[in-house]
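Notes follow the structure.
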Amino acid sequence: MFSPAELQLVLGGSDAPLSVADWRAHTVYSGEFHVYIYLYVYLHICICIYVCVCMYIYMCVCVYIYISTLRRRLEGAHGLFW
């Protein structure tokens, strides 16, 4: 697969400077790469954030209802609690 010198280059790298322009010039995209992948990832992240925010709001409402119910029960049993 690799000669010893090539393996050393793969594992250890090179001292040559990196050139992004050279990478762009010699990169060939193949397969199912589309520009819309960025839109898909962005929408996926937005949906995940939306779900997390909704879950947080739901949790806050549930805690508020629980505390309100507990407060009413304690006030009814022992007079004013708060």
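Would you mind counting up the charge near Tyr64? Only other residues with Cβ under 13 Å from its Cβ, with Lys and Arg at +1 and Asp and Glu at -1.
Working: positive: Arg71, Arg72; negative: none.
Net charge in that neighbourhood comes out at +2.
Once the piece of chain linking Cys48 and Val63 is laid out straight, how much longer is it, given 0.36 nm per residue of separation minus the C-alpha distance between them?
Gain in length upon complete extension: 3.1 nm.
Angle of helix 36-78 to the longest C-alpha principal axis of the chain, folded into 0 to 90 degrees and rounded to 10: 20°. Footprinting exposure proxy ranking of Met55, Met1, fewest other C-beta atoms within 10 angstrom first, gives Met1, Met55. Its Cα centre serving as origin, the chain has a Cβ charge dipole (Lys and Arg +1, Asp and Glu -1) of approximately 780 debye. Computed from these coordinates, which is Rg and Dmax of the Cα atoms in Å: (i) 15.0, 52; (ii) 29.6, 85; (iii) 12.1, 38? Checking each listed value against the structure points to (ii).
Bear in mind that the values in this text are calculations on the coordinates, not laboratory data. Computed from a prediction, not measured in an experiment: that's the story for all the values here. Note: ideal-geometry Cβ built from the backbone for every residue, glycine included; neighbour counts use all protein chains shown.
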